[in-house]
Amino acid sequence: MTVDASIGSHNPIVSEAAAIEVLAYLITAARAQMDEAAEYAPMRLITAAQKLGGHMVPKASRPVQELLRALDTFAPTATPRADRDEYLAQLDGLCVVLADCLLALTGPVTSE
Amino acid sequence: MTAVDRAVYDALRARRVTRRMSDRAVDPETVGLVVRAAKFAPNAGNRRLQPVVAVTNGTKLRLLRLISPGMIPVPQAAVVISIDVGRAASYGFPPRAPGLYVDVGTVAATLLTAAQAAGLGACPVTSFSRAAAGRILNLPETVQPHMIICLGYPDPTGGPPPMPKP
């Protein structure tokens, strides 16, 4: 497995203990999702991202810190059920913050 | 007018799922009181095919939480409700007989009420890996866990908002 060498620091940012917690969550969420409402799927993914993000906070760079702050605005029980449009808008907003973070980590992008 | 036992009815109305628990320890005697209530749950044929296991060991609780995507609180104790499919088969139940799962629900409702009576917050969890939970709890292969009831004192600072109403 390769890492994009052009994005972000290569210094370890999470411990094995933190990584295994997220890994355990992802694996068991995959199994649990087979028996639960489909609308829980994005909630599980966001929760996994929050778990990983929580472990990254102490060593994260400033652009990543901003992304993690945006990620933390999701309530742990939020699903698309109550207001799908609002939920989509929140996810899209988070994706924009992610893009900003990636751009900041990459540095200036030359126009083609 | 219908005569109502207000204390019982008000208790039902006041019960809430506790999704944020404090780090105040729950003493084993209180956990035992909750667990013993399971035997008072309505149960088909009084066969008691839903064994309950109390988990108070800190390491096991942490491991259970790691394999439970649906476990939002950090509990101080937990009660795991299983179905003994081996004993169920000996009675002639097919593996997925609905009644077996209904009785998981009656046990759960009874445990939740008992927890409330003991002053504990409780949170039922069904989104977890049954296979991993069975291994962590060293359950026989014929005993399949189906629900975890998290126990702990409610965090006075509150918790996440309730799930939206259907």
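The values are calculated or read from the model by the stated rules, or taken from the named source; none is laboratory data. Please read all numbers here as calculations on a predicted model, not as lab measurements. Quick reminder, even Gly has a Cβ in these numbers, built from the backbone with ideal geometry, and neighbours come from all protein chains shown.
Scanning region B:16-51 for residues that are away from chain A (no Cβ under 14 Å) and β-branched (Val, Ile, Thr) yields B:Val26, B:Thr30, B:Val31, B:Val34, B:Val35. Taking region B:60-78 as the range and being more than 7 Å from chain A (Cβ to nearest Cβ) and part of a helix (DSSP H, G or I) as the test, the residues that pass are B:Lys60, B:Leu61, B:Arg62, B:Leu63, B:Leu64, B:Arg65. Only a single criterion out of (1) part of a helix (DSSP H, G or I); (2) within 14 Å of chain B (Cβ to nearest Cβ); (3) out of contact with any helix residue (DSSP H, G or I) (no Cβ under 7 Å at 6 or more places or on another chain); (4) not polar (S, T, N, Q) is not satisfied by A:Asp100, namely (2). State yes or no: is A:Thr79 in contact (Cβ under 8 Å) with a residue 24 or more places away in the chain, at negative phi and not in a helix (DSSP H, G or I)? So A:Thr79 passes the test. The residues on offer are B:Arg24, B:Arg19, and the sole one that is modelled with pLDDT under 95, part of a loop (DSSP other than H, G, I, E, B) and of a type outside the set (A, V, I, L, M, F, W, C) is B:Arg19. Looking at A:Asp92, is it away from every other protein chain (no Cβ under 11 Å), in a helix (DSSP H, G or I), charged (D, E, K, R) and closer than 30 Å to B:Thr18 by Cα? Answer is no for this residue. Does A:Ala32 meet the test of being away from every other protein chain (no Cβ under 14 Å), out of contact with any strand residue (DSSP E or B) (no Cβ under 6 Å at 6 or more places or on another chain) and either small (Gly, Ala, Ser) or surrounded by 13 or more Cβ atoms within 10 Å (Cβ to Cβ) (or both)? Judged against the criteria, A:Ala32 is not a match. The single residue among B:Pro166, B:Pro124 that is within 14 Å of chain A (Cβ to nearest Cβ) and at pLDDT 95 or above turns out to be B:Pro124. Restricting to region A:80-90, count the residues that are buried (at least 16 other Cβ atoms within 10 Å of the Cβ), closer than 18 Å to A:Ala38 by Cα and either at pLDDT 90 or above or within 16 Å of the chain's Cα centre (by Cα) (or both). Within region A:80-90, residues that are buried (at least 16 other Cβ atoms within 10 Å of the Cβ), closer than 18 Å to A:Ala38 by Cα and either at pLDDT 90 or above or within 16 Å of the chain's Cα centre (by Cα) (or both) number 1.
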